[in-house]
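The values are calculated or read from the model by the stated rules, or taken from the named source; none is laboratory data. Remember, it's a predicted structure, so these values are computed and weren't measured experimentally. So basically every Cβ, Gly included, is an ideal-geometry build from the backbone, and we count neighbours across all protein chains shown.
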Amino acid sequence: MKKLVASLCFSFMLLFCFSSASATSFKDVPANHPAAKEMEWAKKNGFLNGYKDGKFYPNNKLTEAQFVAMMANYYQNISSQSLKPLKGEHWSEPYYREFKKYKIPLLDYYSTYGRSYPITRGEMARFVAAGQNVASDGYNAVQYMYKHKISQGKSSRVQNFHTYGYNDELARWHAAKFLYNLHKAGIRQVQPFNISKAASPSFQLKDANGQTFEVNTKKMNGVYGYATFDDGPFPVWAGAGEGDLMFRADYQLTLHQLGDSTILSRLVEPNYEYNYTRNLIRVEQSTISGQGDLLFVEATMSSNFEGANVYMVKNGQLVQLKTEEDFGLYYSWWPRLTAKNQLQTLSYYNHEGSWYLNTYRIDTKTEEIYDVSSRKISNKQKDDFLSKWY
C-alpha cells in the first residue's frame, strides 16, 4: 500500500512539474524560460504575437521590418492601427514612413531589400536612443541602454560597449525582454526629432587614470541636409546613402569636467562632413588598466575605407594624436584597443581582394600613433577575428 501511495505521489509530482514547465500560452515556451513572463506580456498587449500554430518561436531572429512594426505598436503616440500599406506597397512601408518623421536610423527606408535581415542589438539600441533624442552613435546608444536598465549586456560583471553584444542578432525572446524593460523604464513615447542634438553630440571620455571627462561637439556654421540623387550639397556616394542626415561645418570640440561647463581645452575640426545616420563620431571605450578611451572623428574616404582623427585626454587636456597619414588613421573596420597603448584595425584592399590586420602603438609622450605591423589574413581568419572583436 505504501509503495502504491508513493508511486501515485511521484506520478503526481511528475505531472505537476511537466504542467508547470509548459504553463504558457505558447506551445514551445515552458514556464521556466528566462523570458516567459515577458513574452506573455508582449502578446497580451499586442506588441509581439505568436504564430497561427500556437508557437512563439523564441529563438527565431527578428527582422528589421518586424522590429519596426513592434515598436510602432508599442509607442503610445503612434497610432499603429491606422497605418495601412497603400496598394502595391510592402506591408512594412507605413511603419517606416512613420518613423522617418522622427529621423530614426534604419537600414532601408528607401528599399525593402534589407528589411528582411535580422536586426542587431546595436541597431536596436540606436533606434531606441534616437527615439529619445539621444545621439544615435553606437557608444551613446549602448550607454543609454545600460543607464535605463533596458539591457544588462552579456556580462554579469562588466557593463561597457564591448560586453553589450553590439553586432549580435536579436532573437524574438530577446526582443520581448527589451520591450518589457523599456516599459519598466517608463519610456512609452517616441520623441520629436531635435536637429540641434543630432548636429552636436556629446561623449564621455576616460583618461589613463580612469577619470571621466565630457567632450562636447558643436557645429559652428555651415549647412545640413539629406543625401539625394538630385543636385544639392549632399549627393549620394560611398559616404552617403540616400536619405542620410548630413552636416558640413567647422566643428568645435571642447573638454569639460563632468557636470561643469568650464572649458578645459578646445580644438576645431575644420569643414568637417558629419554623417549622423552612419554614426561617424565614436568612442573606443577602454577595458584595459592604465589605458584611456579614444575618440574617433571619422570621414568616409572610399567605398571600403574610413579615415579618422583620433583624440585622447592627457593631463586634463583633449589632444589629437598625430598619424603618418594626412587624414588620421585609415581602416575598413572599426579600430579596437587590444592592449595598453596598442590599437588594431582591419583593412580591405579591393584591387587585390585581400584583408590585412594592422597593429599600431600609441606613444602617449609624443602623442603619436605609429605602425607596428601589417599582415595579410585569409577571409576565414578575418571572420574568426571579427567574431571575437565585439
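Scanning the stretch 348-377 for residues that are within 21 Å of F305 (Cβ to Cβ), of a type in the set (S, T, N, Q) and modelled with pLDDT of 95 or more gives S354, N358, T359, S373, S374.
Taken together, the residues in the stretch 204-240 that are without any contact (Cβ under 8 Å) to a residue 60 or more places away in the chain, within 20 Å of E306 (Cβ to Cβ) and among the small types (G, A, S) amount to 1. Being among the polar types (S, T, N, Q) and over 23 Å from G46 (Cβ atoms) is the filter here, so list the residues in the stretch 152-185 that pass it. Result: Q152, S155, S156, Q159, N160, T163, N167.
Condition (residue is in the same structural domain as L179 (by TED's automatic domain parsing), within 24 Å of R126 (Cα to Cα) and either modelled with pLDDT of 85 or more or exposed (fewer than 10 other Cβ atoms within 10 Å of the Cβ) (or both)) applied to the stretch 14-35: is it met by at least one residue? Yes: one or more hits. Among the residues in the stretch 135-154, are any free of Cβ contacts under 8 Å to residues at least 12 places away in the same chain, under 17 Å from the mean Cα position of the chain (by Cα) and surrounded by fewer than 20 Cβ atoms within 10 Å (Cβ to Cβ)? Yes.
Counting only strands (runs of 3 or more DSSP E) wholly contained in the stretch 306-390, the ones carrying 3 or more residues that are under 25 Å from the mean Cα position of the chain (by Cα) occupy 329-331, 333-339, 342-349, 354-363. The set of residues from the stretch 97-111 being out of contact with any Ser or Thr (no Cβ under 9 Å at 6 or more places or on another chain) and in a helix (DSSP H, G or I) comprises R97, F99, K100. For the stretch 259-297, how many residues are within 13 Å of V319 (Cα to Cα) and not aliphatic (A, V, I, L, M)? Summing the residues that are within 13 Å of V319 (Cα to Cα) and not aliphatic (A, V, I, L, M) in the stretch 259-297 gives 6. Just to check your reading of the model, which residue among R266, R248, R278 is in a loop (DSSP other than H, G, I, E, B) and out of contact with any Lys or Arg (no Cβ under 6 Å at 6 or more places or on another chain)? The conditions single out R278. When V310, V319 are screened for being surrounded by fewer than 21 Cβ atoms within 10 Å (Cβ to Cβ) and within 24 Å of S200 (Cβ to Cβ), only V319 passes.
Pairing residues of the stretch 283-296 that are of a type in the set (V, I, T) and part of a strand (DSSP E or B) with residues that are modelled with pLDDT under 95 and crowded, with 19+ Cβ neighbours inside 10 Å, at Cβ distances under 7 Å and at least 6 apart in sequence or on separate chains, gives V283/Y139; V283/F203.
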